[in-house]
Amino acid sequence: MKIGFLFPGQGAQYVGMGKDLYENYTEAREVYDKVNQITGIDIAEISFNGPEDLLNETKYTQLAILTMSLAILEILKTKNIKAEISAGLSLGEYSALIYSGALSFEDGIKVVQKRGKYMQEMVPEGQWRMAAILGMSDEQVEEICNNVKDGFVVPANYNCEGQIAISGEKEAVEKAEELAKEAGAKRVLELKTSGPFHTIKLKKASEELRKELDKININKFESKVVKNIDGEIYTNQDDVKDILEKHIISPVRFSKTVQTMLNEQVDAFIEIGPGKTLSGFVKRAKTDKPITIMNINDIQTLESAINYFQ
C-alpha cells in the first residue's frame with residue numbers, strides 16, 4: 001500500500017484540538033514544548049483552551065494547525081508509519097515540506113510564525129470575505145468572478161471537482177455568490193477566514209515573507225511533496241523560496257494535487273491535523289481503483305490508523 005499524507009490549512013481549527021494527544025503522548029508534548037521555545041507563544045494553551053476568537057487570529061491559527069500536524073507525525077514516526085509523498089492545503093504545504101526534510105523543524109516553525117503574522121497584519125484596509133461555491137465547474141466560477149464588474153473577486157482555492165473557494169472584497173464576493181446561485185450552484189458557504197488569501201491583495205505579505213525565507217536553508221527532499229501552485233511534484237531544481245513567496249498570492253490547485261498523488265499510485269491517504277476537509281476532497285477525486293482514506297485528529301482516529309497500518 002502506498003501512503004500519501006495530507007495536511008490541512010487555515011479554517012480547520014477548533015478549540016481543544018490536539019489536547020488528548022498532548023495529554024497521552026510524550027512525542028506530542030515535546031513538539032508543543034519546542035514550538036513554545038522557538039516562538040515564545042504558548043500554542044498549547046491557545047489550541048486547547050482558546051478562546052475561539054484568539055485561536056481564529058491568523059497569526060495563531062497557522063502555528064496551531066502546523067504544531068498539531070507535526071505532533072501527530074512524531075507519534076506516527078515511532079510506529080514506523082511513513083509516506084512516500086505528501087501535500088497540504090495552503091498552510092499545510094509547510095507541514096509537508098518539514099516532513100520531507102526540505103525545511104528543518106525550527107526554520108519551518110519560524111517561517112510559519114511570520115507568515116501568519118504578515119497575512120494577518122498586512123491585509124489591505126477594507127472588508128474581505130471568502131466563500132466556497134459548490135456544484136459548479138472551474139470555468140463557470142471563473143466566468144462568474146469575471147462578470148462581477150464592481151469590486152475585486154477571484155477564484156482562490158480549487159479544492160475538488162465541483163468546489164471552488166473565491167476570495168475578495170465583501171460586496172464583490174456577495175455579488176459572485178448571488179450570481180452563482182442564479183446559475184445553479186448547489187450551495188454557497190462563507191469560510192472562516194479573515195482576509196483575501198491567495199490573491200494579489202496579499203502582495204505586501206508575500207514580499208515580507210520572502211525576507212524571512214531568505215534567512216533559511218532549503219534542504220534536499222527526502223520524500224516527494226506536491227506543490228499547491230501548479231499541482232506538480234517539487235524537484236530539487238525548484239526555487240522553493242520563490243514558490244513559497246508566490247504561494248500566498250496564487251490560487252491553490254488542490255484538486256490537481258490529489259490527482260497527481262493518484263497518478264503516483266497512492267492508494268492510502270491519511271489526513272493529519274484538525275478536521276477532515278481534505279478527506280472529503282479526496283473522496284470527490286476521479287479514480288477507478290479502490291483507495292483508503294483516513295484522518296487523524298484525536299486519539300481515537302490515531303489508534304485506528306495505527307491498528308490499520310501495523
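The values are calculated or read from the model by the stated rules, or taken from the named source; none is laboratory data. For clarity, every value in this text was computed on a predicted model and none was experimentally measured. Virtual Cβ from ideal backbone geometry, glycine too; neighbours counted across all protein chains shown.
Please go through segment 175-198 and pick out each residue that is touching a residue at least 40 places away in the same chain (Cβ under 8 Å) and surrounded by fewer than 17 Cβ atoms within 10 Å (Cβ to Cβ).
Step one: filter segment 175-198 for residues touching a residue at least 40 places away in the same chain (Cβ under 8 Å), giving 176-177, 180, 183-198.
Those that are touching a residue at least 40 places away in the same chain (Cβ under 8 Å) and surrounded by fewer than 17 Cβ atoms within 10 Å (Cβ to Cβ): ALA183, GLY184, LYS186, ARG187, LEU189, GLU190, LYS192.
Does GLY151 satisfy the criteria of being exposed (fewer than 15 other Cβ atoms within 10 Å of the Cβ), assigned by TED's automatic domain parsing to the domain that holds ALA185 and among the small types (Gly, Ala, Ser)? Quick ask: steps written out before the conclusion?
Numbers: exposed (fewer than 15 other Cβ atoms within 10 Å of the Cβ): no; assigned by TED's automatic domain parsing to the domain that holds ALA185: yes; among the small types (Gly, Ala, Ser): yes.
Taking the combined requirement at face value, the residue does not satisfy it.
Specify the residue that is surrounded by the fewest Cβ atoms within 10 Å (Cβ to Cβ); the eligible residues are those in segment 154-174 that are within 22 Å of the chain's Cα centre (by Cα) and small (Gly, Ala, Ser).
Within segment 154-174, the match that is surrounded by the fewest Cβ atoms within 10 Å (Cβ to Cβ) is GLY162.
Suppose the filter is touching a helix residue (DSSP H, G or I) at 6+ places or on another chain (Cβ under 9 Å), surrounded by fewer than 24 Cβ atoms within 10 Å (Cβ to Cβ), of a type outside the set (A, V, I, L, M) and at pLDDT below 95; does THR78 pass it?
Numbers: touching a helix residue (DSSP H, G or I) at 6+ places or on another chain (Cβ under 9 Å): yes; surrounded by fewer than 24 Cβ atoms within 10 Å (Cβ to Cβ): yes; of a type outside the set (A, V, I, L, M): yes; at pLDDT below 95: no.
When the stated conditions are applied, THR78 does not pass them.
Residue-by-condition table, conditions (1) touching a His at 6+ places or on another chain (Cβ under 9 Å); (2) closer than 22 Å to ILE299 by Cβ; (3) surrounded by 24 or more Cβ atoms within 10 Å (Cβ to Cβ):
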residue: PRO8; (1), (2), (3): no, yes, yes
residue: ASP33; (1), (2), (3): no, yes, no
residue: GLN37; (1), (2), (3): no, no, no
residue: SER47; (1), (2), (3): no, yes, yes
residue: LEU54; (1), (2), (3): no, no, no
residue: THR61; (1), (2), (3): no, no, yes
residue: GLU84; (1), (2), (3): no, no, no
residue: LEU91; (1), (2), (3): no, no, yes
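Would you mind listing the helices (runs of 4 or more DSSP H) fully within segment 78-159 where at least 3 residues are of a type outside the set (A, V, I, L, M) and in contact (Cβ under 8 Å) with a residue 40 or more places away in the chain?
Hits in segment 78-159: 92-100, 105-121.
Within segment 191-214, is there a residue that is among the hydrophobic types (A, V, I, L, M, F, W, C) and over 20 Å from the mean Cα position of the chain (by Cα)?
Looking for residues that are among the hydrophobic types (A, V, I, L, M, F, W, C) and over 20 Å from the mean Cα position of the chain (by Cα), one finds none in segment 191-214, hence no.
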